Amino acid sequence: MQAPQTGKLLNNQGRNLSKNSLLGLTSLNQEVALFDYDNVLIQRNYIENEQVRIVSGGAYFLAEFVGKGMLTASIEGDNYLAPSSKIVLRTLRELSYNHIKGNLVIVRANSGDLLNFGLAVERAVNDNLRVKLLPISDDVDNVGVPKTCKRGLSGIILILKMAGAMSERQHSLTDIFKFCKKYSNNVVSTDIDYSLLSDNDGGNECTCNSKSAVHYGVKRMRSSLNLAQGLCVEALNHIVTIPQEDSNIEFDDYGEDGQHSKLLLKPEDNIVILLNNNGILNRNEEWLFAKEILDFLAGSSVQVHRFYVGNFMRCLERNNLNLTVMKVEDKEVLSYLDDPCSAPGWHKMNQGLIGPLSTDNVLNSKLKRKERLSPPIRGIKLDDNLANVLLFSTQFACDALISCEKQLNIIDAEKGDGDTGTRLKNAAEILLKRMKQDKLITSYPFTFFESLSKILESSLGGTIGCIYSILFEAAAKVFNEYSESTEITPSIWLNSFECAGEALKRYGNVEDGDGTMYDPIYAFTQTSRHEFEQGNNCMDSFGKGVKVAEETAQLTKKPKYRYPDSGAHAVGIWMRAVFEGVKLRCSFD
């Protein structure tokens, strides 16, 4: 008798399954509760704790790590998708209500999680909240792949535990961020492919009869014994290098910007190991794999100070284990890992009460204003002439995108869904309608770009909506740093564009040359900045920047394809339109 496939079962249940499973968790663990607005698990007494609040979540289930000594809140998505930026931002506002210590958001650096959490953090910062974001990208195979394909594995669990312990000890937001960022570069993980066992262990064989069950168990354990040593040795060789005494390896030459090809361990180095079962192994097999890992390391001088094994994180679509190794360089690390923790995902369930269990576990949120309907009016104020220039150039960009709908769809159809042009056209029409109805404030660039960010997130939708929303959210931040009376300059406009590009690079996990929409944006800022520094006229500088951006967009065409990246091509279109609109209405010296 074949068991149902859990992943398909979950995906067929809709969003109620995530909420109901979290309510079940709150019934068993009385230290946590569920916010009333979405799938956000929270420490029940979080308001009473005057310490930095640690937040995580995302596409994979991290709610079991909410508890004293670990997470303050976990924001869960539906059906293994990232939660929306609106829910993340709402939670950050809730956690910041009458609280000044700040929030540290730690997420795996998978594109969906990082984009949505990143957008929320950008908006939270613009809302004057104390928030920092730390992405964890611990997969050893991240090296050599496009940044958009990088991912985090089980290493985030160790970082969350240390962050939670530091919070309990009343460390500041800055200190916790710096310490955890350092150790995010000391953590490397890999997958251990266990499919060989699952394909040959008689998984579809009925074990209702006791003799069949015994036969199945013996067969599986023998298969595990045969595979464990090879799999563990292969995995460890994949993520760590332990040079011999006569080796010529230079220790300072390993790693690039915190992304390790391997973790280089010196003799006598101290390490912590985490083996994430992922629901594949039984308890006996867990000990078997632990033994093989320790046997391999016994031949070196590396010291294993902690070894954690269990079902920490689960990915239902994959039949892999995760092996994580963390290099320990500070004596505080082990004490942080050993500090008390009530989160059931870290150790046994702590029900936190004396008496019968309660099923009333919905916690009302405290914010009276659930979501700001319109952005605040603040920052630099433009005179009427410049405000009209901003309005006119935006209309130019919208008209250009509408006229290029079919062209962009044809380009996008080569590698995607063929709807980029239509989505941008629909968003442009919404913006035009808002502008004609005089519903967009153009005299304050901060307010204008904040409005664009929110409109584009909802009207474009999906990844592209999140990307454009991040761009304008980050662009708004620059204008918020000045007073209303500050005179606007071309340099401030360029600073805003550079800030938007940096945000896209940070949260989109992209670099110049990856063949994405970041390429023309980066080309524009670099060229314009260079022309400015040479003392050239600002319109000439921007014009050269736009020209290089258009050329760069065409260079995103990959081998064997006819067209460039549709997102990059769209950037060239609206960038040219904005520039031409500014030229028609305004001139700078």
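Does Tyr563 satisfy the condition of being among the hydroxyl-bearing types (Ser, Thr, Tyr), under 17 Å from Ile411 (Cβ atoms) and either in a helix (DSSP H, G or I) or within 30 Å of the chain's Cα centre (by Cα) (or both)? So Tyr563 passes the test. Scanning region 51-81 for residues that are under 13 Å from the mean Cα position of the chain (by Cα) and β-branched (Val, Ile, Thr) turns up Val55, Ile75. Among the residues making up region 46-81, those that are over 14 Å from Asn103 (Cα atoms) and either assigned to a loop (DSSP other than H, G, I, E, B) or in contact with a Cys (Cβ under 7 Å, 6 or more places away or on another chain) (or both) are Ala59, Tyr60, Phe61, Leu62, Gly67, Lys68, Gly69, Gly77, Asp78, Asn79, Tyr80, Leu81.
Listed by first and then second residue, the pairs with beta-carbon distance under 9 Å, at least 6 apart or on different chains, first residue in region 285-306 and without any contact (Cβ under 8 Å) to a residue 24 or more places away in the chain and within 19 Å of Ala228 (Cα to Cα), second open to solvent by less than 20 Å² (accessible area, probe 1.4 Å) and part of a strand (DSSP E or B), are Ala290/Ile273; Ala290/Leu275; Leu294/Ile273.
Against the definition (closer than 21 Å to Ser111 by Cα and not β-branched (Val, Ile, Thr)), how does Leu504 come out, yes or no?
On the way: closer than 21 Å to Ser111 by Cα: yes; not β-branched (Val, Ile, Thr): yes.
Yes.
Set side by side, the residues Val66, Val105 differ, and just one is at pLDDT 95 or above and touching a Phe, Trp or Tyr at 6+ places or on another chain (Cβ under 9 Å), which is Val105.
The listed residues are Asp193, Asp139, Asp199, Asp175, and the only one of them that is within 27 Å of Arg283 (Cβ to Cβ), open to solvent by 20 Å² or more (accessible area, probe 1.4 Å), at pLDDT 75 or above and of a type outside the set (Ser, Thr, Tyr) turns out to be Asp193.
A residue that is open to solvent by less than 50 Å² (accessible area, probe 1.4 Å) and over 16 Å from Leu424 (Cα atoms) cannot be found anywhere in region 456-469. Scanning region 489-510 for residues that are surrounded by fewer than 16 Cβ atoms within 10 Å (Cβ to Cβ) and touching a residue at least 24 places away in the same chain (Cβ under 8 Å) yields a total of 2.
In this structure, is Thr91 within 21 Å of Ser469 (Cβ to Cβ) and either modelled with pLDDT of 95 or more or more than 14 Å from the chain's Cα centre (by Cα) (or both)?
Here the answer is yes, as Thr91 does meet what is asked.
Ala570 - would you say it is under 18 Å from Arg423 (Cβ atoms), open to solvent by less than 10 Å² (accessible area, probe 1.4 Å) and of a type in the set (A, V, I, L, M, F, W, C)?
Considered against the rule, which asks whether it is under 18 Å from Arg423 (Cβ atoms), open to solvent by less than 10 Å² (accessible area, probe 1.4 Å) and of a type in the set (A, V, I, L, M, F, W, C), Ala570 comes out as yes.
In this structure, Lys425 qualifies as farther than 19 Å from Ala387 by Cβ, part of a helix (DSSP H, G or I), at pLDDT 95 or above and among the basic types (Lys, Arg).
If you go through region 315-336 and keep only what is surrounded by 16 or more Cβ atoms within 10 Å (Cβ to Cβ) and within 30 Å of Met166 (Cα to Cα), you end up with Cys315, Leu321, Asn322, Leu323, Thr324, Val325, Met326, Lys327, Val328, Val333, Tyr336. When Arg123 is tested against the conditions (1) open to solvent by less than 30 Å² (accessible area, probe 1.4 Å); (2) over 21 Å from Ile377 (Cα atoms); (3) touching a residue at least 40 places away in the same chain (Cβ under 8 Å), the lone failure is (2). Total residues in region 547-567 satisfying the condition of being hydrophobic (A, V, I, L, M, F, W, C) and surrounded by 22 or more Cβ atoms within 10 Å (Cβ to Cβ): the figure is 2.
Within region 396-412, being in contact (Cβ under 8 Å) with a residue 24 or more places away in the chain, part of a helix (DSSP H, G or I) and crowded, with 18+ Cβ neighbours inside 10 Å holds for Phe396, Ala397, Cys398, Ala400, Leu401, Leu408, Ile411, Asp412.
Hey, any hits in region 107-114 for a residue that's open to solvent by less than 20 Å² (accessible area, probe 1.4 Å), of a type in the set (Gly, Ala, Ser), assigned to a loop (DSSP other than H, G, I, E, B) and in contact (Cβ under 8 Å) with a residue 24 or more places away in the chain? For region 107-114, residues open to solvent by less than 20 Å² (accessible area, probe 1.4 Å), of a type in the set (Gly, Ala, Ser), assigned to a loop (DSSP other than H, G, I, E, B) and in contact (Cβ under 8 Å) with a residue 24 or more places away in the chain: present. When restricted to residues that are hydroxyl-bearing (Ser, Thr, Tyr) and surrounded by fewer than 24 Cβ atoms within 10 Å (Cβ to Cβ), region 58-84 contains 3. Among the residues examined, Tyr336 does not qualify as in contact with a Leu (Cβ under 8 Å, 6 or more places away or on another chain), of a type in the set (Phe, Trp, Tyr) and at pLDDT 70 or above. Report yes if Tyr561 is among the aromatic types (Phe, Trp, Tyr), in contact with a helix residue (DSSP H, G or I) (Cβ under 7 Å, 6 or more places away or on another chain) and touching a residue at least 12 places away in the same chain (Cβ under 8 Å), otherwise no. No; evaluated as a whole, the condition is false for this residue.
Could you list, in sequence order, the residues of region 515-536 that are out of contact with any helix residue (DSSP H, G or I) (no Cβ under 6 Å at 6 or more places or on another chain) and open to solvent by less than 50 Å² (accessible area, probe 1.4 Å)? Break it down stepwise before answering.
Of the residues in region 515-536, the ones out of contact with any helix residue (DSSP H, G or I) (no Cβ under 6 Å at 6 or more places or on another chain) are 515-516, 526, 529-530, 533-536.
Those that are out of contact with any helix residue (DSSP H, G or I) (no Cβ under 6 Å at 6 or more places or on another chain) and open to solvent by less than 50 Å² (accessible area, probe 1.4 Å): Gly515, Thr516.
Here region 1-45 is the region considered, the condition is being over 26 Å from Gly164 (Cα atoms), open to solvent by 70 Å² or more (accessible area, probe 1.4 Å) and not in a helix (DSSP H, G or I), and the residue that is modelled with the highest pLDDT is Gln13.
The values are calculated or read from the model by the stated rules, or taken from the named source; none is laboratory data. Bear in mind that the values here come from a model prediction, so they are computed numbers and not experimental data. Note: ideal-geometry Cβ built from the backbone for every residue, glycine included; neighbour counts use all protein chains shown. Calculation scope for accessible area: heavy atoms of the full protein, side chains included, ligands and nucleic acids excluded. Shrake-Rupley method; radii C 1.70, N 1.55, O 1.52, S 1.80 Å.
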